[in-house]
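Below is one structure; the comments refer to it alone.
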Amino acid sequence: MRKFNIRKVLDGLTAGSSSASQQQQQQHPPGNREPEIQETLQSEHFQLCKTVRHGFPYQPSALAFDPVQKILAVGTQTGALRLFGRPGVECYCQHDSGAAVIQLQFLINEGALVSALADDTLHLWNLRQKRPAILHSLKFCRERVTFCHLPFQSKWLYVGTERGNIHIVNVESFTLSGYVIMWNKAIELSSKSHPGPVVHISDNPMDEGKLLIGFESGTVVLWDLKSKKADYRYTYDEAIHSVAWHHEGKQFICSHSDGTLTIWNVRSPAKPVQTITPHGKQLKDGKKPEPCKPILKVEFKTTRSGEPFIILSGGLSYDTVGRRPCLTVMHGKSTAVLEMDYSIVDFLTLCETPYPNDFQEPYAVVVLLEKDLVLIDLAQNGYPIFENPYPLSIHESPVTCCEYFADCPVDLIPALYSVGARQKRQGYSKKEWPINGGNWGLGAQSYSEIIITGHADGSIKFWDASAITLQVLYKLKTSKVFEKSRNKDEKPNTDIVDEDPYAIQIISWCPESRMLCIAGVSAHVIIYRFSKQEVITEVIPMLEVRLLYEISDVETPEGEQAPPLPTPVGSANPQPIPPQSHPSTSSSSSDGLRDNVPCLKVKSSPLKQSPGYQTELVIQLVWVGGEPPQQITSLAVNSSYGLVVFGNCNGIAMVDYLQKAVLLNLGTIELYGSNDPYRREPRSPRKSRQPSGAGLCDISEGAVVPEDRCKSPTSGSSSPHNSDDEQKMNNFIEKAKMSRKLSLPTDLKPDLDIKDNSFSRSRSSSVTSIDKESREAISALHFCETFTRKTDSAPSPCLWVGTTLGTVLVIALNLPPGGEQRLLQPVIVSPSGTILRLKGAILRMAFLDSTGCLVPPAHEPWKEHNVPEEKDEKEKVKKRRPVSVSPSSSQEISENQYAVICSEKQAKVISLPTQNCAYKQNITETSFVLRGDIVSLSNSICLACFCANGHIMTFSLPSLRPLLDVYYLPLTNMRIARTFCFTNNGQALYLVSPTEIQRLTYSQETCENLQEMLGELFTPVETPEAPNRGFFKGLFGGGAQSLDREELFGESSSGKASRSLAQHIPGPGGIEGVKGAASGVVGELARARLALDERGQKLSDLEERTAAMLSSADSFSKHAHEMMLKYKDKKWYQF
C-alpha cells in the first residue's frame, strides 16, 4: 500500500474548514479514483454538552426538603448538588470549588436554596430555571461555618461558626448584618472554658424573638434577640449533637454523645425534665444506664390525635458489634428499630405543614444513607418503605462495563418491561411516592434508548433511557448457571480471581434478534436467547475450549525479570525478542498441575429459567498445564449465522451455538499463516500472565494522570524513566505481570490509585498497556457480508478480526443453507489470507455500501423459540435465509464497499474488493483513542472517538474529514475509560462516579432542544394558611409571637458588618447565559440572547409584582402593629 503525505491533525486544535478541505485533497490518493460520495454532515451539526446525570449522588453529605414544593435536595462531598422532584424530574448542579456541602436550606416555596460548603462559603441557588444557577455567594474569611438556620418565611439566615459566634445574613442581598451574637455574651460569665462550635440554631416556634443556640460542649442558650442577652442557659455534661423543638415552644429535646436524649422545659434550666437512653440497658438499682454510641440526630414531631414521634439515628449500645446502622422511631410506648444497609448520613421527617408552630403531622421519614435513599412510611403499621422510583440502584453491585443503544426496535422496551415487571419485590408501602414536585419536560425525542450495565456480581441490568430519563427494565443474573461453593473454607476452582468470579467484562447484544452474549472475568462466555415463556432446562448446554499459546514453550531464565517490550507497531524493522534458553516444565501434565478444568463449575441440576433472557450455551476456557486461562478481550455474536466468536491474548475461538460445536480454535500467530510480519518467539504462558485486569470495579477517585503518561499500550517507549512516579509505576507493572491472581475489588479501597494510573486501557480491562509483551491479543471482531479477497466478485459472509498490533485479518465463513440443513451440515471456516495494517490496536470496524450508507451485520428477526413450530416449519425454511442476508448482497456485482477501521492511533477507509486505502486520518499523535464508534446522526454516519487526553472528536465518513474536536475531560481513572461509549443520534455516556452515569450529546440539534426536554423544578404553589391561633390564645397573648427582624438586623439599627469578616461574590447565575455556559460553545450565547431578553422582560414584570406585594405586606404589618398598640393596655372586657 502506498504511503501518502497526510497532514496531521494536532490534538487540541479544532481543524478549520479551510484546513479540512486541504486535508481532504491530501487524504485522497491520486491513483485511486473513488466515486465521490455526497456527505451531508458538517461541523455545524455538532456541539458538545452534558445532558443529564443519573444514579445515586456519590458520597452524599447533606439533605434538605421543601415541604410545599415537595422537592428533595442532596449535597455531596465533592460539591455536587442533586435535586429530585416527581419521578423523572431530576437535576444536577456543581459548585465550582468542589468543596463538600455541609448543609442545605430551602427558602420554602420561594424556588431558592442556600448551600453551605466546607470552604466556608454560602451560595444562593435560583431554582426557578431549568438549570439552576448561583445568584450570590458569601465567603467567610475569618471564621469556619458549622451550622445554618433559615426560619420559614424569613429573609435572615443565622450562621453559626466554629468559634461559637452567630452571624446573620440577608438572603436577598447576601450581605452580613451588623448584628452578631458573640459566644462570650451567650454563655455564663463565670464559665472558664469555650463552649465549642455552634452545632444548632433554631427559633422558638411560638416566639421568633427567642433563639435557641446549641454549643458542642453541652451548653444550650435561649437568646433574646431584642434585648441581646441570654434568657436561660441549660448545661449538661455530655456533648450535644442536635436539638429539636416541640411545636408549642415550651419544650425541646437534645441528643448527646453518650447515647442519651434530654428533654428540657424552657423555663426550667436547672435540669432536664426527662433523660432517656433509648438503647441503654436499664440497671435494677436505679443506676444510670450504660453509655451508648452518640445519637447523631433527633427530631421531635407532634400529631393532633396521638403521641408525638421521637425519631433518632445512632445511639446503639457498644456491645452490638457488627450490627447494622439503625433509625429508631419512638411513638408513645412503642420503639421501632429500623436497620439500614449502609451508614446514615442524614434524615428528615416529612410533615404536612411548613409552619413550626402547628401540629407537625409527620407522614414519612427520608433517610439518606451512604449509598442509598430510603423513604419510610410512618402512617402504616410496621413502617414499610416506599418503592423508590428514582434510578438510584446503578451501583447495587459495582458497574464493570456499559453499552448504550439509541434508536432500538420499538417493541424492545415493552418486551423487557413485561419480563422485568415480574421481578419486583413485594411489601412496599401502598401510598404514592411523596416527593412529587416539579413538572416533566417536553420529550422531543421519539426514538427509544436502552443502556445495559454489567456488574461485579455477574448481574446485567437493562435500562430504559429514552428522552433523558432512566428507569430499570429488567435484571439478569448470569451467575445462576454456576455452582456456588457453600462452604467458605472450600476453595473452588475460581482462583483466577480473588473475588467476584462472575464479573461481567464485555457485553455483545443484537437488539433486532434480542440475542445477548456476555464475557466474564473467569474466562467464560454465556449466550442468551430472549423468551416470554418460562422453561426448565434439564441440562445446561456447555462447551470447554482449550485456547493455547505455545509453540516453543520457553521461559525467561530470571524468574523476576520483566519481559522485554514489543517493538512499536509501524517501525520499519521489528526487533526480534531475545531468545530464551531455560525450558519450561509448566505444560508437562505432571501430577498436581491443574489441566483441562474450567474456572467455574456449571450446575448439573435442572435450571428453572423465568421469562426473559434464558441460557442457550455456556462456553468456558480451561486451565492449561497449571496455568489459568487468559481473560477474554473481545466478543461478537451474530444471530443470522448462529455464531459467536471471542478472543484473548492467546488467540481466537469461534463457536456454532446452534450446533453447539467449536469451529475455530487458533493462536493469533496461526491466523497469519506464513504472512506473519513479526519475528517473534512465543513465551510460556506461565510468565506472561495477564495482569490483574486493572481492577474491574475500582472505584477510587481522584487519581490524576499526567498527560505524558497517556501513552498508547502499543507504543512501548524505550526512553529511561527518571522520576519517582515513573519508578513506582514500573514497579507496579512488574508486580502486575508476575501476579498470580486477578483482583477485583468491590468496595472503596485506598490502594487502587496506582491501579487507576496504570492505564490498562481496553474497556473490558483486557488489552492492557501494562501487558507490553510479544503477545498479540484479539481486540476487535466484526461479522459482516462483504468482499473477503481482492479477487471476489460478490460479497459473502465473513469475520473481520482486529489485533492489538494493528493488524486486521479476514476469516471466510461458508454457511450451510437455512432450515434443517443449518443444524445438520457443518459451518466451514477458513482464513482468507487478507491482511490490512494500521498503527495502534484495532478498536472498531464497520462497512459502508457504495453510496456511503452503513451496512449493518446480518441478523434474524426475533421470534419465540419456546413454542412448537411444526405448522410453520415449511414457511420457516423458505423465509429463513433471505431475512438474514444483509442489504449489500443484493447489490450488483460491480458495486463496491468500504471498510471503516478505527485503531487507537488512526482511522482508515479501505475500498473493497480492491483493498486500496481510500482515506486515512491520523487521529492522535501523542495520546491514544479509548473508544471509537461508527454512529448515525442526522440521516448520515460519522466516526466518533474519545481520546485519553480528554478530546472528543468526530469525523465524516467515508472521507474522514474532522467535524468536531472538543477538549471534554482528561482520563483521570480507569472507570471512565472502561465505560465511555457513543451511540446513534449524537448520544454518549460514561460512569462519572461509582454510582452515577453522565450522559452527554455531541449533536447540535439535541443541544438546542435540551432546554425544552429538561423538567421544571419550581411550580407555582399556594403556601398553606398559617395555623389558627384560636380565640382564647389571641386574648391572653398565647400563640406565636412575631418579630420585626428588619428592624433588628437592618443597617439602620445594627450597623454594617466588618468588611474583613466575609466577602460577597456575585454569582454567574440568574438567567444570564445559563444555556450558553452549559453547552460551552461561544456561538450559543448569541443564539440565546433573544430568548434571554424575552425572559428578562417577564422577570422584570415579576419583580414589579413582587415589589407591589411586598409594599402591601409592609402596610398590612404596620396596621397590625398600630392595632396591637391600640388594644395593648385595654382589659379584655373593654373591647
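Worth pointing out:
- Relative packing of peptides 413-421, 311-319, 224-232, 631-639 - highest average C-beta neighbours within 10 Å first: 631-639, 311-319, 413-421, 224-232
- For the stretch 49-111, the solvent-accessible area of protein heavy atoms averages 26 Å² per residue (probe radius 1.4 Å; ligands and nucleic acids excluded).
- log10 of Debye I(q)/I(0), alpha-carbon scatterers only, for the stretch 590-641 at 0.19 Å⁻¹: -0.89
- Here each label is just a point 7 Å from Cα along the line to Cβ, and for ARG594 and MET182 those points are 7.3 nm apart.
- For the stretch 235-389, the calculated P(r) over all alpha carbon pairs, in 5 Å bins from 0 to the bin holding the longest distance, is 2, 9, 18, 22, 21, 16, 9, 4, 1, 0, 0 percent.
- Spatial extent of the stretch 971-1030: Rg and Dmax, with the Cα atoms as the point set, Å: 20.4, 65
- Accessible surface area normalised per residue over the stretch 284-412 is 44 Å², counting heavy atoms of protein chains with a 1.4 Å rolling probe.
- Protection proxy ranking for 430-442, 256-268, using the average of other Cβ atoms within 10 Å per residue and placing the highest first: 256-268, 430-442.
- 5 angstrom amide H check on SER317, placed H, neighbours 5+ away: LYS293
- Net charge of neighbours whose Cβ lies under 13 Å from the Cβ of PRO60, counting Lys and Arg as +1 and Asp and Glu as -1: -2
- Measuring against 21 Å, Cα to Cα, the residue pairs LYS50/LYS70; LYS297/LYS371; LYS155/LYS226 contain LYS50/LYS70 as the ones spanning a longer distance.
- Using a probe of 1.4 angstrom and keeping all protein chains present, the accessible surface of the stretch 585-666 works out to 28 square angstrom per residue.
- Cα gyration tensor category, rounded, prolate or oblate, for the stretch 405-479 with a/c compared to 1.5: oblate
- Surface share of carbon and sulfur [accessible, 1.4 angstrom probe, percent] for the stretch 800-875: 57
- Other residues whose C-beta falls under 13 angstrom from the C-beta of ALA653 contribute a net charge of -2, scoring Lys and Arg +1 and Asp and Glu -1.
The values are calculated or read from the model by the stated rules, or taken from the named source; none is laboratory data. Being a predicted model, the structure only gives us computed values, none of them experimental. In this analysis, Cβ positions are derived from the backbone assuming ideal geometry, glycine residues included, and neighbour counts consider all displayed protein chains. Note: areas computed on protein heavy atoms with side chains; ligands, DNA, RNA excluded. Shrake-Rupley method; radii C 1.70, N 1.55, O 1.52, S 1.80 Å.
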